[in-house]
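The values are calculated or read from the model by the stated rules, or taken from the named source; none is laboratory data. Being a predicted model, the structure only gives us computed values, none of them experimental. So basically every Cβ, Gly included, is an ideal-geometry build from the backbone, and we count neighbours across all protein chains shown.
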């Protein structure tokens, strides 16, 4: 449980009373009660109001807000306000201003605009966190601390350059080690003094398309910037914990956001929280995968849904309304995948600036007689009815997909073999195949223990970090099934090629040698020809983008290529290794092939879906707690869908008994429970 003060699924969102007057606050109090709101995220962007200069702090308005909310039954997710520095700070201390990748010094404006290595920013942000913690440590309404907001963005200023050199000294100890790790004899880049090293911006090593002439330098700079922002978070975290050791601390993450290594961040978060903003055409499996990634950051611990919109967003090219039922459906999808909160941005719409058309529980009209408010209030009543029944419930998964931010950086910084290769897209293809079968899947780091899994998939595992290959070998030897793909096992953690043949350290467990990699043009395909049948697979399928030309070294060819000069060479292989199997998919296959392959592997491993024979678009997910199983049926279709239940279940919302065939309305949700 995140905080025992509120033992139900938290319901609320971002609230900005500083933008409104007392009469509006009174209406907010009334409407929050109608909607069932019990948590408000406050003080997110109030630094300039709280601290008008270096020495003055004014907490009077925040005092009144916290007192008023608590009096009306609303707890505080209290932010530290450090997501945007005040204008006076930028004017008097220009070291807080970032320098962009093109070498341009920013002016004051926007948000997430502070240099993470600015002494001024670090000093004042930590000081503000300390003052907030000391002032509100005993406030009964304090539920959780929210540090800054949506950390993001890199800086390339002189402070960052100097800090980068310090970071490199700590990581490598010597310039000789740096030169070896970066292969600096290429293009005459050998460094003889630490001060010769500069950030890899568009003035030096990088181009605007996220490509780099020296991947090792760019890779380390991404690690460094992620670590720098993490250090800023940790400075505030430490100050908060000094005064409030028992109050949880979080910061809101952003799913597959590319710039920060969230697995590393999660080690310093008491609970993971994140902001979910899919577009109307985002595949529902991608949103599910993002939820599972957030759950996986802390080895399956439930997470917070910190933000979603009740209706529409404001920053996408086409900001469609959420159709009736969609807000409820997507809220429960988050809960089904491990969320113990349902929270919005925002509770009341702003009247000015860039988020005035972002959806809110309370719309500009200002009353409760809107479709959006009615839907939010109905959901609030349901969450109150559910109470603490599923708080801290866990997800029982026997399948896992390995995801790694540093691997993503390395893949996308690569100078080849194809600009079509997008790491997240390839990961999603495998996740989507399992999702369509309602096989629950954990998203895990390369550091995660594999003991509880029967099937582990590592798509495009281009970078093999120390110890990972040995972990995979041990997993397969004891009976596990491992699947990886083309462009795997190529480099080490420094993006240096592992010599001796691809897939490098994975060569022994896979039983193959990949000699060459062919890049196909957009729209070009090759045939995957099955050698007989494997489960539901038989005949021919299509592969695209990349084709590894591989030789067998103990593995068996399950399928071969059907075209080009490498027709007849293995396209899909399996290697018996100890008591288990290691599979290699040497191209990017079509959906039908992946569905068939993963069904075969799940059936063989005894991995059962959350719901068998579900119609397309009906998602099933399970959470378990104290010997009780909760089954979520989420209908993403525009028409009703039927499901066949095994055993007798109780409807968690209506209390009715359900068995046999049940209908789930269009965009509807059923939450069922029974003893596990």
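Here are the numbers:
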{"quantity": "Selected residue [without any contact (Cβ under 8 Å) to a residue 60 or more places away in the chain, surrounded by 15 or more Cβ atoms within 10 Å (Cβ to Cβ), under 21 Å from residue 283 (Cβ atoms) and in contact with a strand residue (DSSP E or B) (Cβ under 8 Å, 6 or more places away or on another chain)] from 664, 669", "calculated": "664"}
{"quantity": "Given (1) surrounded by fewer than 20 Cβ atoms within 10 Å (Cβ to Cβ); (2) out of contact with any strand residue (DSSP E or B) (no Cβ under 9 Å at 6 or more places or on another chain), number of the condition residue 139 does not satisfy", "calculated": "(2)"}
{"quantity": "Enumeration of residues in region 518-533 that are surrounded by fewer than 18 Cβ atoms within 10 Å (Cβ to Cβ) and touching a residue at least 60 places away in the same chain (Cβ under 8 Å)", "calculated": "519, 522"}
{"quantity": "Candidate set: region 578-596, residues that are touching a residue at least 60 places away in the same chain (Cβ under 8 Å), part of a helix (DSSP H, G or I) and out of contact with any helix residue (DSSP H, G or I) (no Cβ under 8 Å at 6 or more places or on another chain); chosen: the one surrounded by the fewest Cβ atoms within 10 Å (Cβ to Cβ)", "calculated": "596"}
{"quantity": "The listed residue being modelled with pLDDT of 95 or more, in the same structural domain as residue 23 (by TED's automatic domain parsing) and assigned to a strand (DSSP E or B), out of 309, 341", "calculated": "341"}
{"quantity": "Flag if residue 150 is closer than 30 Å to residue 273 by Cα and out of contact with any helix residue (DSSP H, G or I) (no Cβ under 9 Å at 6 or more places or on another chain)", "calculated": "yes"}
{"quantity": "Matching option when the condition is at pLDDT below 95 and surrounded by fewer than 22 Cβ atoms within 10 Å (Cβ to Cβ), among 209, 227", "calculated": "209"}
{"quantity": "Residue 322 crowded, with 21+ Cβ neighbours inside 10 Å, assigned by TED's automatic domain parsing to the domain that holds residue 146 and out of contact with any strand residue (DSSP E or B) (no Cβ under 7 Å at 6 or more places or on another chain)", "calculated": "yes"}
{"quantity": "Number of positions in region 23-73 that are within 29 Å of residue 383 (Cα to Cα) and outside any loop (DSSP other than H, G, I, E, B)", "calculated": "27"}
{"quantity": "Selection count where residues are out of contact with any strand residue (DSSP E or B) (no Cβ under 7 Å at 6 or more places or on another chain), surrounded by 14 or more Cβ atoms within 10 Å (Cβ to Cβ) and in a strand (DSSP E or B), scope region 534-577", "calculated": "1"}
{"quantity": "The listed residue being in contact with a helix residue (DSSP H, G or I) (Cβ under 9 Å, 6 or more places away or on another chain) and more than 28 Å from residue 13 (Cβ to Cβ), out of 226, 218", "calculated": "218"}
{"quantity": "Residue in region 127-138 that is assigned to a loop (DSSP other than H, G, I, E, B) and in the same structural domain as residue 51 (by TED's automatic domain parsing) present", "calculated": "yes"}
{"quantity": "Candidate set: region 74-89, residues that are touching a strand residue (DSSP E or B) at 6+ places or on another chain (Cβ under 6 Å) and not in a strand (DSSP E or B); chosen: the one nearest to residue 3 (Cα to Cα)", "calculated": "74"}
{"quantity": "Filter result for residue 220 (more than 23 Å from residue 302 (Cα to Cα), modelled with pLDDT of 95 or more and either within 25 Å of the chain's Cα centre (by Cα) or crowded, with 16+ Cβ neighbours inside 10 Å (or both))", "calculated": "yes"}
{"quantity": "Meets criteria (surrounded by fewer than 20 Cβ atoms within 10 Å (Cβ to Cβ), modelled with pLDDT of 95 or more and within 12 Å of the chain's Cα centre (by Cα)) for residue 283", "calculated": "no"}
{"quantity": "Among residues of region 90-114, those that are part of a loop (DSSP other than H, G, I, E, B) and either under 29 Å from the mean Cα position of the chain (by Cα) or surrounded by 15 or more Cβ atoms within 10 Å (Cβ to Cβ) (or both), counted", "calculated": "12"}
{"quantity": "Subset of region 2-18 (residues that are over 18 Å from residue 272 (Cα atoms) and in contact with a strand residue (DSSP E or B) (Cβ under 8 Å, 6 or more places away or on another chain))", "calculated": "5, 15, 16, 17"}
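For every residue, the table says whether it meets (1) crowded, with 24+ Cβ neighbours inside 10 Å; (2) under 24 Å from residue 209 (Cβ atoms).
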residue	(1), (2)
413	no, yes
426	no, yes
450	no, no
453	no, no
472	yes, no
496	no, yes
501	no, no
